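Undergrad: This structure is in structure tokens; I'll ask about it shortly.
The values are calculated or read from the model by the stated rules, or taken from the named source; none is laboratory data. Just so it is clear, the structure is predicted and the values come from calculations on it, not from any experiment. Cβ atoms come from the backbone with ideal geometry, glycine included; neighbour counts cover every protein chain shown.
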Amino acid sequence: MTDNEDMPLVEKAHAAIVLAAQTYNPSIFTGTWLARNDIVDPDTLVGVRVFSPDIAQFQTSRLQVLVIPPKMQITFGIDGDVDGSELAQGIATRTVELLPQTPYQALGLNFEFFVAPPNGQGFDDYTRALFGDGDNGILREFSAPDAMFGRYFSKDYGQARLKLDIKPVQAGPEKKDLVRLSFNFHHEVSQFSPEERVRQLPEMIENWSSLRRYSESLVELATRM
């Protein structure tokens, strides 16, 4: 999005790739296993890491990985110099290839954008102008000057079910008022054979960049006055 003073500004953005399963085996994810299978270079790991039968948790400067029995979740920034998307996609794809016996259930490709109003516009006025106009009874009930507004949308998009939740939040250590747009592209694979799941999941992960572009276009539509 443009940062023209008359336009809303995306202040930060991050994403996640979630592989849901009937059950994962976190004990597989050891430092040795990650290195041996070229998933993550051990020299790039930073901070606290946990490798146990119940949980695996590790991070690099670009992303964080959590593995618990219901899921594997990779979270990463997609703004500035901390874009971890390429590494995240590689980890998710490589994991599916190495662990085809895992009973995968679904893939979630998620994006979150935090948007500030244009310079000089109050936050309450901004959210009301975007989402609070109309003659619905609930909008009349929330007519106070300090009221804030959001929206929820859902539709099929390609092979996924898109859920978009928009709401005002206070983000960061400074508790700044921002509009959060949360996108979840949910691909259900439980109806397929194990072999078909393993074939489809990497193909779906490859769609990450196009889904990011689509999400960014919706951010523009949703937040432009």
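Undergrad: Looking at 196, 174, can you tell me which residue is of a type in the set (D, E, K, R) and part of a loop (DSSP other than H, G, I, E, B)?
TA: Numbers: 196 fails: part of a loop (DSSP other than H, G, I, E, B).
Going through 196, 174 in turn, the sole match is 174.
Undergrad: For segment 121-176, how many residues meet the condition of being surrounded by 13 or more Cβ atoms within 10 Å (Cβ to Cβ), touching an Asp or Glu at 6+ places or on another chain (Cβ under 7 Å) and aromatic (Phe, Trp, Tyr)?
TA: 1
Undergrad: Pick out the one residue from 158, 150, 134 that is more than 24 Å from residue 115 (Cα to Cα) and not β-branched (Val, Ile, Thr). Before the answer, list the steps.
TA: Details: 150 fails: more than 24 Å from residue 115 (Cα to Cα); 134 fails: more than 24 Å from residue 115 (Cα to Cα).
158 is the lone residue from the list that is more than 24 Å from residue 115 (Cα to Cα) and not β-branched (Val, Ile, Thr).
Undergrad: Pairs, please: C-beta under 8 Å, at least 6 apart or cross-chain, first residue farther than 19 Å from residue 84 by Cα and in segment 34-61, second of a type outside the set (A, V, I, L, M, F, W, C) and assigned to a strand (DSSP E or B)?
TA: From segment 34-61, the pairs are 50/57.
Undergrad: Now for a separate question. Among the candidates 142, 131, which residue alone is out of contact with any His (no Cβ under 6 Å at 6 or more places or on another chain), modelled with pLDDT under 95 and over 25 Å from residue 186 (Cβ atoms)? Break it down into steps so the answer makes sense when it comes.
TA: Numbers: 131 fails: over 25 Å from residue 186 (Cβ atoms).
Only one candidate passes the filter, namely 142.
Undergrad: It is to be established whether one or more residues within segment 44-59 are among the polar types (S, T, N, Q) and buried (at least 17 other Cβ atoms within 10 Å of the Cβ).
TA: At the first step, the residues of segment 44-59 found to be among the polar types (S, T, N, Q) are 44, 52, 57, 59.
Of the ones still in play, those that are also buried (at least 17 other Cβ atoms within 10 Å of the Cβ) are 57, 59.
Checked segment 44-59: at least one residue is among the polar types (S, T, N, Q) and buried (at least 17 other Cβ atoms within 10 Å of the Cβ).
Undergrad: Considering each residue of segment 190-208, count those that are surrounded by fewer than 17 Cβ atoms within 10 Å (Cβ to Cβ), within 17 Å of residue 95 (Cβ to Cβ) and under 22 Å from the mean Cα position of the chain (by Cα), and give that number. Lay out the reasoning, then the answer.
TA: Kept after step one, since they are surrounded by fewer than 17 Cβ atoms within 10 Å (Cβ to Cβ), are these residues of segment 190-208: 190-196, 199, 202-203, 206.
Still in the list and also within 17 Å of residue 95 (Cβ to Cβ): 194-195, 199, 202-203, 206.
Next, from what is left, pick out any that are under 22 Å from the mean Cα position of the chain (by Cα): 202-203, 206.
Going through segment 190-208 one residue at a time, the tally reaches 3.
Undergrad: A follow-up question, please. Out of (1) at pLDDT below 95; (2) surrounded by 16 or more Cβ atoms within 10 Å (Cβ to Cβ); (3) of a type outside the set (A, V, I, L, M), the odd one out for residue 184 is which?
TA: (1)
Undergrad: Please note which strands (runs of 3 or more DSSP E) are completely contained in segment 68-162 and include at least 1 residues that are touching a residue at least 24 places away in the same chain (Cβ under 8 Å) and in contact with a Gly (Cβ under 9 Å, 6 or more places away or on another chain). Give the derivation first.
TA: Working: elements: 71-77, 104-116, 151-157.
Those strands (runs of 3 or more DSSP E) span 71-77, 104-116.
Undergrad: Taking residue 182 as meeting all but one of (1) in contact (Cβ under 8 Å) with a residue 12 or more places away in the chain; (2) over 22 Å from residue 117 (Cα atoms), write down the number of the exception.
TA: Among (1) in contact (Cβ under 8 Å) with a residue 12 or more places away in the chain; (2) over 22 Å from residue 117 (Cα atoms), the lone unmet condition for residue 182 is (2).
Undergrad: Determine which member of the set 157, 152, 126 is aromatic (Phe, Trp, Tyr) and in contact with a strand residue (DSSP E or B) (Cβ under 6 Å, 6 or more places away or on another chain). Spell out how you get there, then give the answer.
TA: Details: 157 fails: in contact with a strand residue (DSSP E or B) (Cβ under 6 Å, 6 or more places away or on another chain); 126 fails: in contact with a strand residue (DSSP E or B) (Cβ under 6 Å, 6 or more places away or on another chain).
Being aromatic (Phe, Trp, Tyr) and in contact with a strand residue (DSSP E or B) (Cβ under 6 Å, 6 or more places away or on another chain) holds for just one of 157, 152, 126, which is 152.
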